[in-house]
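Written out below as structure tokens is the structure these notes cover.
The values are calculated or read from the model by the stated rules, or taken from the named source; none is laboratory data. The structure displayed is predicted, hence computed values, not measured ones. Methodologically, a virtual Cβ is constructed for each residue, glycine included, from the backbone with ideal geometry; neighbour enumeration extends over all protein chains shown. Heads up: the accessible areas ignore ligands, DNA and RNA and are worked out on the full protein's heavy atoms, side chains in. Shrake-Rupley method; radii C 1.70, N 1.55, O 1.52, S 1.80 Å.
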Amino acid sequence: MALLDKTFYIETFGCQMNVHDSEKVIGTLLHEGYRRVDTEMEAGLILYNTCSIRDKAEQKVFNRLNDYKALHKKGKRFAVLGCVAQQEGEKIFERAPYVSLVSGSASYRKLPEMLAQLEAGTERITGLDDRQTEEAFETEFTARSNPHRGYITIIEGCDKFCAYCVVPYTRGKERSRTSSSVLAEARHMADAGYTDIQLLGQNVNSYKDPSGKMSFAELLTAVGQVHGIRRVRFTTSHPRDFTRDIVEAIENVPTLCDHVHLPVQSGSTDVLRRMQREYTREWYLERIAWIRAARRPISLTTDIIVGFPGENERDFEQTLALLEQVQYDAVFAFKYSPRPNTPAVSMEESVPEDVKTARLQQLLDYQREIQRANYLKHVGELVEVMVEGHNRARGQISGRSSQNMVVNFTTGAPILPALGSYLNVRITGAFPNSLLGEAVVWNAAAADRSRHPMDVPVKISVV
Ligand code: SAH
Ligand code: SF4
Ligand code: F3S
């Protein structure tokens, strides 16, 4: 059956790496003459870019495939991309025989050939690189979805093999891009009007420049100095590779955002050892102390897994005590989910589901109170906010501060500021997950996003 209808629908699950991969896949499809549509019903080709980090994430794609399988009879074709594709491989064809293409992220560079096979009517096409691949997916056709803020992948894959995690199997080994190619992309984005760049990697700070020119901190600095770029973020950092010069770079380069996401996973050294995280509670807290000692306040966020095999009440209390000690601004907490191929699936002393659920709830309640107090401390501050959305019904504008906090605010002016513009906002109220405020200067100059913070002395006057 030939694919005549060159329209596609894509849905993306999972992390920012997947979101950005989809932008590259979309760009490639558009370049190959496909047209994007908004629903499965309108599309000739339906693509799911999948995530396998927890069982629930994996199930989503099989639910979707099941919901829409009848469309296959109408000549529509299905493609499964991403981490479930790489993990399950050809088994997907057995479970969902109407799928035509299965490809892991390391094979997207072969997408044009795979599409040609699809168009020629081939029924089962696979792109499944093993962990040995050195290949990365770079394309000039990236179709970024936001015209102001964009991602750049600087390192792909993972060599850490934490005992619970699928990523080293689904994303292959660690491979970095050269600093010159990253910088060329950053400059290109700045020329196209982007002001906010997010550097991505499963472990972004494990970056190793293949040309040997720059360390991760030097690359951060260089991206932060690209003319026109006002904000640079990076995610996710691994504690094991978190070096002091990253903090120094944030201190020295105003465009580097005042925020570090540093997943700890557990506050118990025993659990960390069984997780194969290769650091102790004390090692982690030493890195936190570096960040807290910085010349400007840096907000901290983390990921936690509760109910890892063998986690007892004492271990869990150590995690709560760590939250108390670090005072994070956000915590992403998950119940441990056993994953295929990982060493933790065969570990003894699994924690019962009801205990996991209770611990997760206790942790979230505990953290909520920490955040409630911490967010309140920002009341009265003046923060720079990048406008990300308008809520016309409530007359509110929403954006994010350099510390990555959501700020909902009003301007007092009848015209809404443009998306992507930067405003100074006085914080007037706080909730556990967001701040409330009022813009203090709102005129054309203040909203001019082409200026660089290093050459604009910010003048403040209350309107
Ligand atoms: N490379 C990053 C994390 C990437 S995965 C790091 O090492 O910090 C994102 C988060 O998903 C992890 O930080 C972890 O908290 C969570 N996660 C990964 N595998 C999981 C599993 N099997 N069950 C529950 N949560 C998991
Ligand atoms: Fe997974 Fe660990 Fe690699 Fe993070 S460092 S992606 S948690 S294996
Ligand atoms: Fe999910 Fe793969 Fe990202 S498993 S979290 S989409 S790396």
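At a glance:
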read-out: From GLU119, GLU113, GLU94, residue being among the acidic types (Asp, Glu), more than 16 Å from ligand 1 (Cβ to nearest atom) and either touching a residue at least 40 places away in the same chain (Cβ under 8 Å) or open to solvent by less than 30 Å² (accessible area, probe 1.4 Å) (or both); value: GLU119
read-out: Residue within segment 342-353 that is exposed (fewer than 13 other Cβ atoms within 10 Å of the Cβ), outside any loop (DSSP other than H, G, I, E, B) and without any contact (Cβ under 8 Å) to a residue 60 or more places away in the chain present; value: yes
read-out: Test: LEU220 is in contact with a strand residue (DSSP E or B) (Cβ under 7 Å, 6 or more places away or on another chain), part of a helix (DSSP H, G or I) and either of a type outside the set (Phe, Trp, Tyr) or closer than 27 Å to CYS83 by Cβ (or both); value: yes
read-out: Hits in segment 259-270 (condition: polar (S, T, N, Q) and either open to solvent by 10 Å² or more (accessible area, probe 1.4 Å) or part of a strand (DSSP E or B) (or both)); value: GLN265, THR269
read-out: Given (1) away from ligand 1 (no atom under 14 Å from the Cβ); (2) assigned to a helix (DSSP H, G or I), index of the condition ARG274 fails; value: (1)
read-out: Residues within segment 190-207 that are of a type in the set (A, V, I, L, M), within 16 Å of ligand 3 (Cβ to nearest atom) and open to solvent by 20 Å² or more (accessible area, probe 1.4 Å), tallied; value: 0
read-out: Flag if LYS24 is farther than 22 Å from ILE152 by Cα and of a type in the set (Lys, Arg); value: no
read-out: Residue list for segment 6-49, filter: over 25 Å from LEU200 (Cα atoms), of a type in the set (A, V, I, L, M, F, W, C) and open to solvent by less than 50 Å² (accessible area, probe 1.4 Å); value: PHE8, VAL37, ALA43, LEU45, ILE46
read-out: Odd one out for ASP315 among (1) of a type outside the set (A, V, I, L, M); (2) more than 16 Å from ligand 2 (Cβ to nearest atom); (3) open to solvent by 20 Å² or more (accessible area, probe 1.4 Å); value: (3)
read-out: Segment 293-327, residues that are under 22 Å from the mean Cα position of the chain (by Cα) and either in a strand (DSSP E or B) or among the acidic types (Asp, Glu) (or both); value: SER299, LEU300, THR301, THR302, ASP303, ILE304, ILE305, VAL306
read-out: Residues (under 18 Å from VAL306 (Cβ atoms) and over 25 Å from the mean Cα position of the chain (by Cα)) located in segment 360-388; value: GLN362, GLU369
read-out: Residue that is nearest to the chain's Cα centre (by Cα) [pool: residues in segment 121-155 that are β-branched (Val, Ile, Thr), under 18 Å from ASP21 (Cβ atoms) and assigned to a loop (DSSP other than H, G, I, E, B)]; value: THR142
read-out: Positions within segment 122-172 being within 16 Å of ligand 2 (Cβ to nearest atom), closer than 21 Å to LEU101 by Cα and open to solvent by 30 Å² or more (accessible area, probe 1.4 Å), in sequence order; value: ARG131, TYR169
read-out: Residue that is closer than 26 Å to THR301 by Cα, open to solvent by 30 Å² or more (accessible area, probe 1.4 Å) and touching a helix residue (DSSP H, G or I) at 6+ places or on another chain (Cβ under 9 Å), where the choices are ASN408, ASN433, ASN404; value: ASN433
read-out: Those residues of segment 66-84 which are exposed (fewer than 15 other Cβ atoms within 10 Å of the Cβ) and without any contact (Cβ under 8 Å) to a residue 60 or more places away in the chain, in sequence order; value: ASN66, ASP67, ALA70, LYS73, LYS74
read-out: Some residue of segment 173-188 being at pLDDT 95 or above, assigned to a loop (DSSP other than H, G, I, E, B), outside the structural domain of ARG339 (by TED's automatic domain parsing) and open to solvent by less than 10 Å² (accessible area, probe 1.4 Å); value: no
read-out: Sole residue being surrounded by fewer than 20 Cβ atoms within 10 Å (Cβ to Cβ), within 16 Å of ligand 2 (Cβ to nearest atom) and of a type outside the set (Phe, Trp, Tyr), chosen from ARG244, ARG287, ARG273, ARG277; value: ARG273
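Table: residues versus (1) farther than 12 Å from LEU101 by Cα; (2) away from ligand 3 (no atom under 16 Å from the Cβ).
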residue: ILE53; (1), (2): yes, no
residue: PHE62; (1), (2): yes, no
residue: ASP67; (1), (2): yes, yes
residue: VAL80; (1), (2): no, no
